[in-house]
Amino acid sequence: MSTIILGIESSCDDTSAAILKDGVMLSNCTANQEVHKDYGGVVPEVASRAHQINIVPVVDQAIKKAGISKDQINAVAFTRGPGLIGSLIVGVTFAKGFALARNIPLIEVNHMQAHVLAHFVEDPKPAFPFMCLTVSGGHTQIVVVKSHLEMEVIANTIDDAAGEAFDKTGKIIGLDYPAGPVIDKLAKQGTPRFKFPEPKVEGLNFSFSGLKTSILYFLKKEIKTDPNFIKDNMNDICASVQDRIVSILLNKLQKAVKQTGIKEIAIAGGVSANSGLRQALQEHGEALGWNTYIPRFEYCTDNAAMIATTGYYKFLKGEFAEHDVRPTARYRI
Ligand code: KG4
Ligand code: ZN
């Protein structure tokens, strides 16, 4: 008998549903929430309400697109955390209701573990053990992945996440939220001629808050003599910021490779969609003899395919959740 899993993702501002049959993805549908643009960041209460509106149509769409019926679904995998509690509640509650009504098991998924397992949605898949640099709006981690479900976080950010560094810089220079993709686009037409300092953090951990402050002071100084400085140098500012964020990430990754000896290297999370990071990783990989794995764009940012895939590996091990399972805003791997 085949195993069909419905995956649900609602940890932040994307409502997503996916159908996976025996580990093969049949559909992956996502409703993005445009409502946050005006506020310069995700407004939790607004996100939660939008999830409530989106969840049923998105699940319906995923089931239709997969060409299956509801009765064929064998288990529901959902994001338990980490994330915004009001957003998580919508996905968790929906998953519980669906599982209860159909009398099928529930599988809880850690969102950060799922970002790593996005590499198992399709080929080529990394071999164990591998290292994954997971860079999103809320997290920046280097994870040693020993098997599908055995992961050890060996580096974390001590302040802002890499995605926040993009988004907060974007806010300073007047870009809409999320600024990461816009900075990426503008950076392509610019030159990284402004040099921002690299933070000095011992060991493998990351820090991005100092970068944001140095950008702010640099721009304040330039604006004093040229009020149009930001507008006239937008592309170069974006290229310079992106260049520094990418070099911070890759320097630490290089250090982690030296420390662990693991040369099987993956990137994941929203910031792994960044073209500067993708290119730099590929170049480093070729120069240093790493096998690199870069996910397709739709599996970088939040999606339910990665939740259903993680759910599938848990299903195979019989790791099911109780019906009184609760969402957890802070949820470590
Ligand atoms: O993984 P994700 O979709 O959600 C979280 O779990 O946080 O990541 C969202 C983050 C945002 O900070 C966004 O600006 C960033 O990923 N992002 C990018 C790009 N696409 C998304 N950052 C830089 N370049 C991109 N192309
Ligand atoms: Zn995410």
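What follows is calculated from the coordinates using simple rules that are stated; it is not laboratory data. What you are looking at is a predicted structure, and each value in this text was computed from that prediction instead of being measured. A quick note on method: Cβ atoms are made from the backbone with ideal geometry, for glycine too, and the neighbour counts reach across all protein chains shown.
In nm, to one decimal, how far is the residue 122 label point from the residue 37 one, both placed 7 Å along Cα→Cβ?
2.8 nm
Using just the helices of the chain, give the 222 nm mean residue ellipticity in deg cm²/dmol: DSSP H runs with n ≥ 4 each add -39,500 (n - 2.57), and the total is spread over all residues, rounded to 500.
-13500 deg cm²/dmol
Length gain on complete extension for the stretch residue 53 to residue 226, per 0.36 nm per residue less the alpha carbon to alpha carbon distance?
Values: separation 173, 0.36 × 173 = 62.28 nm, distance 4.64 nm.
Length difference between fully extended and current span is 57.6 nm.
Less than 15 Å Cβ to Cβ from residue 87, Lys/Arg counted +1 and Asp/Glu -1: what total charge do the surrounding residues give? Could the numbers behind the result be given before it?
Working: positive: 49, 80, 326, 330; negative: 9, 13, 14, 45, 302.
Net charge around residue 87: -1.
As an exercise, use a Förster radius of 51 Å and the Cβ-Cβ distance of residue 158 and residue 101 to find the FRET efficiency, rounded to the nearest 0.05. Please report the intermediate quantities before stating the final value.
Working: r = 44 Å, r/R0 = 0.87.
Result of the calculation: an efficiency of 0.70.
State, to one decimal in nm, how far the label point of residue 279 lies from the label point of residue 262, with both points 7 Å from Cα in the Cβ direction.
2.8 nm
Packing-wise, with mean Cβ within 10 Å as the measure, how do 157-167, 288-298 rank, highest first?
Ranked from most to least packed, the peptides come out as 157-167, 288-298.
What number comes out for the charge environment of residue 136, summing +1 per Lys or Arg and -1 per Asp or Glu over other residues with Cβ under 10 Å away?
-2
To the nearest 10 degrees, how steeply does helix 44-66 sit against the main Cα axis of the chain, on a 0 to 90 scale?
For helix 44-66, the angle is close to 60 degrees.
Just how far, in whole angstrom, is the stretch 237-267 from the stretch 28-65 if you go by their alpha carbon centroids?
One Cα centre to the other: 32 Å.
Net charge near residue 101, counting Lys/Arg +1 and Asp/Glu -1 over other residues with Cβ under 13 Å of its Cβ?
Surrounding charge for residue 101 is +2.
Provide the gained length on full extension for the span residue 322 to residue 146, in nm with one decimal, where the gain is 0.36 nm per separating residue minus the Cα-Cα distance.
Extending this stretch completely gives an extra 60.7 nm.
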